[in-house]
Amino acid sequence: MQTDTSSVAESEAFTITHNKQFFSTPHSWLGKPYPLGATYDGKGVNFALFSEHAEAVELCLFDINNPSKETARIRITEQTDYVWHIYLPHITPGQLYGYRVYGPFDPENGLLFNPSKLLLDPYAKAIWGDINWDPSMFGYNILSDKEDRYNETNNEDNAEHTMKSVVIDSAFDWEDDEKPAIPMQETIIYELHVKGFTVQHPSISEKIKGSYAGVAAPESIEYLKKLGITTVELMPVHQFVQDSHLQEKGLRNYWGYNTIGFFAPHREYASSTEPYGQVTEFKQMIKDLHKAGIEVILDVVYNHTAEGNHFGPILSFKGIDNQAYYRLVEDNPLYYNDFTGTGNTLNMLHPRSLQLVMDSLRYWVTEMHVDGFRFDLAPALARGLYEVGKLSNFLDTIHQDPIISQVKLIAEPWDIGEGGYQVGNFPVQWAEWNGKYRDCVRKFWKGDESQIAEMAYRLSGSSDLYQTNGRLPSASVNFIVAHDGFTLHDLVSYNEKHNDANGEENRDGHNENESWNCGAEGPTDDKEIIALREKQKRNFLSTLLLSQGVPMICSGDEYGRTQNGNNNAYCQDNEISWFNWNWTDDQKKQFEFVQELIRIRKENPMLHRRKFFTGRPIHGSHIADIRWLTPNGEDMTEEEWHNGLTKCTGMLLNGQVMDEYDEKGQHVKGDILLLLFNSHHETVPFVLPGKKNEPAWHLWIDTETGGVTPSKQVACGTVVQLAARSFMLFCQPA
């Protein structure tokens, strides 16, 4: 059935448009309520927008050659299950559009409808333009000094100052694209910023530096393959907003944790200038990385949006249906529940908000071919009415989804709300950023007392956190540093944060970093301090890449990137944050060291086990799969485990008694490995286990002497000098 809307300007509903001039209105059909968003079918476009509390909705079209020019405004008359829908024949991909939504403006009851605000489609697959932060972007008079100014509506039209949604054509030739499908226990994650990784690359074309195409450039892929990375984790690439308060300081949101479009690739990271070129370029990046055998995980921010609290702008969700999309304070819905520290929290208790997130996740898997997700502040998504719960709508729905449940799912298992620290508490199928691993390993190598017992858990896969609820060692994503905090180089170079460049008088960022500057704050010419810092970095990297679980390297730590002590460089879109491709000799050696550690990890199945160690004899043998040794070569005693001064131990992994099988049912065996850890400030003599007539130990790694060794052979029973604050790796070949 077709509906003629040519007389729509005469309808009563259109008298509430503040006497705006009306434009020619295309012929329209009723359309369908599903799928949500703008869907091109080759003949026209179906538009569908959810709003439970709206009284009227208008679809506005804009000229791609003059994005501030509104060419048509069409009343949407059809509504099904609170979805407003219309079909426009002859509309083609590249069309810019937005919505104006009518209803009560009643902030004290959580209603913020304001038709003078052009709103982004929550399901927009591409977004055009930027926000210039004109006062019209706010629903109230932002220039007023009244304490209750948010109660007075601002009717200035913002269409010239805001972003526009874009109709896309989803067609793309994926050819024979196959996901690498790397088993979780064999995964090595590399946390990467799309822009920062290549913006300073010396040989990549200027046109594609800092873009999706730059990440997929042959030089980038060759680098990742050479290092040994299996999986890149992209920092946020959903369309995000540049914060006005940062722009006023001459800064920019670099990290991207300020999402406004959950379906749209961030436009700034595209080298293409076509209306939806970012979509095609993103797909091509995925396709090229997959051809190289590299997976792509997205760091996704579904816990909040860029609209902030009651003082924030109206960009999309607030003006479409504030009550449905956000968690409002129950007895005072003027305000937002803020479990994220950003002003608002997405309302995962509402079925349409939950659907938005699930549809977005499914879209990125099916249409964009990504391999998994890392969920920022995941407990904020998993909260029930007040508490984080395993049976929340969010977690339960993901587990029932036949598509989303089959990709890699990683939680950042904390938020700032009460009970928000949930390390170890996510259900089966989930991995987690293991913050306890990070903290313990930092404390151990800093030389803190009473760390040895927890260190043993962290090295062996954190069975105390993941074994009792049916999970595997691969549930633990191990990391020493991530984007948020010091880089690895700065972790061993600074005791205190130095965030003055952020313009907040050094108040921002974490104060407790468990860092140690090795004797001087920041850069130094002291050769002993420099040598100690280099060794400490090797200690951290050896621990990370030889622990059970899934290692995650923060981009740049493989060569020693520095942020000059800034531990919160979220607003530093400059050389402070960018990857520096001009390396010193020491940085080249560190890269080669990491390269060798990754090779050793991949080639030794004992270092990426699928199951937890049992710690007891297997298959009737008298040999256990893991032993913890004292410096005299004997098994650790209970007294030594509980002695706070114990800072040295050996971890013996016996690959000959592995109780594991590969995908084809073949029994997996490996070499016997011995890992020696000494965080004491003095050298410790360590007796290598075994009898003198048994095969000799081969020394592979010694962080005291620079890392990789020429496989020196040492007889069993020999006393080796384990240097102060150092690590050794020995192998006894099968």
- Message: Along the charge dipole of the chain, pointing to its positive end and built from +1/-1 on Cβ of Lys, Arg, Asp and Glu, which listed residue (139, 53, 33) has its Cα farthest out?
- Response: 33
- Message: Please state the shape class of the range 62-159: rounded when a/c is under 1.5, otherwise prolate if a/b exceeds b/c and oblate if not, all from the C-alpha gyration tensor.
- Response: oblate
- Query: Under the definition of Cα pairs under 8 Å and six or more residues apart, what whole-number percent is the relative contact order of the range 203-278?
  - Reply: 33 percent
- For the range 390-457, how many pairs of lysine residues have a Cα-Cα distance under 26 Å, where the two are 8 or more positions apart or belong to different chains? 4
- Item | the chain: antiparallel DSSP beta bridges as a percent of all, rounded to 5 | 75 percent
- In the chain, which whole DSSP H runs stretch at least 18 Å along their own axis (Cα) and average -0.5 or higher on the Kyte-Doolittle scale? 351-366, 527-546
- Work out the charge dipole of the chain with +1 on the Cβ of Lys and Arg and -1 on the Cβ of Asp and Glu about the Cα centre, then indicate which of 171, 290, 83 is farthest towards its positive end. 290
- Task: In debye, nearest 20, what is the charge dipole magnitude of the range 412-551 about its Cα centre with +1 on Lys and Arg Cβ and -1 on Asp and Glu Cβ, if you could check?
- Result: 760 debye
- Query: Between residue 248 and residue 309, what length comes free when the chain is fully extended (0.36 nm per residue of separation minus the Cα-Cα distance, one decimal in nm)?
  - Reply: 20.0 nm
- Task: Set the Förster radius R0 to 22 Å, insert the Cβ-Cβ distance between residue 141 and residue 332 as r into 1/(1 + (r/R0)^6), and round the FRET efficiency to 0.05.
- Result: 0.50
- Evaluate the relative contact order of the chain (contact order divided by residue number), counting alpha-carbon pairs under 8 angstrom at least 6 apart; express in whole percent. 9 percent
- 222 nm [θ] for the chain, helices only, -39500 (n - 2.57) per DSSP H run of 4+, per residue, to 500? -6000 deg cm²/dmol
- Which of the listed residues, 729, 381, 577, is farthest toward the dipole's positive end in the chain, when Lys, Arg count +1 and Asp, Glu count -1 at the beta-carbon? 729
- Query: Of 209/589; 537/588; 225/497; 287/611, which pairs sit farther than 23 Å apart, going by alpha carbon to alpha carbon?
  - Reply: 209/589; 225/497; 287/611
- Message: Per residue, how much accessible surface does the chain expose to a 1.4 Å probe? Answer in Å², no decimals.
- Response: 39 Å²
- Query: Can you list the residues of the range 521-559 with backbone N under 11 Å from a point 7 Å past the Cα of residue 495, pointing along Cα to Cβ?
  - Reply: 521-522
- In whole percent, how big is the carbon plus sulfur part of the accessible area of the chain, probe 1.4 Å, protein atoms only? 47 percent
- Query: What's the FRET efficiency of residue 418 with residue 718 using the Cβ-Cβ distance as r and R₀ = 60 Å, to the nearest 0.05?
  - Reply: 0.65
- Item | Dipole magnitude of the range 635-734 about its Cα centre (Cβ charges: Lys, Arg +1; Asp, Glu -1), debye to nearest 20 | 400 debye
- Query: Ignoring ligands and nucleic acids, what accessible area does residue 505 show with a 1.4 Å probe (Å², nearest 10)?
  - Reply: 150 Å²
- Message: Normalised radius of gyration for the range 609-734, please: alpha carbon Rg relative to 2.2 N^0.38 Å, two decimal places.
- Response: 1.10
- Task: Can you spot the lysines whose alpha carbon is less than 30 Å from residue 146's alpha carbon? Ignore those fewer than 8 places along the same chain.
- Result: 20, 117, 249, 318
- Percent antiparallel among DSSP beta bridges (both partners in the range 274-414, rounded to 5): 25 percent
- Cα-centred dipole magnitude for the chain, charges only on beta-carbon of K, R (+1) and D, E (-1), debye, nearest 20: 1980 debye
- residue 682 - accessible surface, heavy atoms, 1.4 Å probe, Å² rounded to 10: 100 Å²
- Query: Of 195/283; 207/283; 226/712, which pairs sit farther than 20 Å apart, going by alpha carbon to alpha carbon?
  - Reply: 226/712
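The values are calculated or read from the model by the stated rules, or taken from the named source; none is laboratory data. Everything quoted here is computed from the prediction, not taken from an experiment. Note: ideal-geometry Cβ built from the backbone for every residue, glycine included; neighbour counts use all protein chains shown. The accessibility values were calculated without ligands, DNA or RNA, using every heavy atom of the protein model including side chains. Shrake-Rupley method; radii C 1.70, N 1.55, O 1.52, S 1.80 Å.
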